[in-house]
Amino acid sequence: MAHTLDIPSIDDSLLLVVDVQGKLARLMHESEAMIHQQQILIEACRILDVPVIWAEQLPEKLGPTVPELADKLEGLKPSAKSSFGCWGDKNLNTAIRRGGRKQILLCGIETHVCVWQTAAALRREDYSVHLICDAVSSRSAANREIGIQRMASAGVHLSNVEMALFELMVDAKHPGFRDVTRLLK
């Protein structure tokens, strides 16, 4: 029997977007495809009223979040951090705790550094972490794959944008179904 946290639910999930910034984001393996999937994920989560928390690693050095995502995040404020993992930043830690949700949908860069360290810390705190694999990357495909493998062995659930969104909606009768599926086409 599946553990109840194995499938994300709208009422207990939040989306955490990690460090998709400046020139570094463009250097990621298959960066355009990754950013496109992140756009869909962010927009769909906002349609479904899943809270979104947005992190930036040293934005004064790495630059702001790429415009394609910043547009979808309008009305939200990024949280600047210096720690690689989001849990190590007091403001992000507080925002995640304050949200009261135990399921974290995780996307961003780099898979083997900031995303991995965030996932590992969240797992230590008993969060159910759902890595959105088509919305993460590293500069090399090998580093991306190693990060994904480490997260899987740490109990992180591997998912993708479409899978996670359909799990959140559960039923074609969901009020956001038509708007979300339009994003996926």
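How high is the FRET efficiency from residue 36 to residue 9, r the C-beta distance, R0 30 Å, rounded to 0.05?
Once rounded, the FRET efficiency stands at 0.75.
Lysine pairs in the chain 8 or more apart or on different chains: how many have alpha carbons under 16 angstrom apart?
So the count of such lysine pairs works out to 4.
List the relative contact order of the chain as a percent without decimals, with contacts defined as Cα pairs under 8 Å and 6+ residues apart.
The normalised contact order for the chain reaches 28 percent.
Can you give me the long-range amide H partners of residue 134? Hydrogens built in the peptide plane at 1.01 Å from N, cutoff under 5 Å, separation of 5 or more residues or another chain.
Counting only residues 5 or more places away or on other chains, the set is 161.
Show me, for segment 11-24, the HN-Hα J-couplings you get by feeding each phi into the Karplus relation (A = 6.51, B = -1.76, C = 1.60, θ = phi - 60°), rounded to Hz, glycine and proline as x.
6, 10, 10, 9, 9, 10, 9, 10, 6, 8, 10, x, 5, 4
Amide H neighbours of residue 79 under 5 Å, counting only residues 5+ apart in sequence or on other chains, H built in-plane at 1.01 Å?
HN-HN under 5 Å from residue 79: 54, 55, 56.
What length, rounded to one decimal in nm, is gained on full extension from residue 26 through to residue 141, with 0.36 nm per residue of separation minus their alpha-carbon distance?
Residue separation times 0.36 nm, minus the Cα-Cα distance, leaves 40.0 nm.
Over segment 1-153, consider all pairs of different Cα atoms and compute the Kirkwood hydrodynamic radius from their mean reciprocal separation; express it in Å, one decimal.
15.2 Å
Collect residues whose amide H, placed 1.01 Å from N in the peptide plane, falls under 5 Å from the amide H of residue 156; neighbours closer than 5 in sequence don't count.
none
Bear in mind that the values in this text are calculations on the coordinates, not laboratory data. Source: prediction; values computed, not measured. Here the Cβ is made from the backbone with ideal geometry for all residues, glycine too, and neighbour counts use every protein chain on show.
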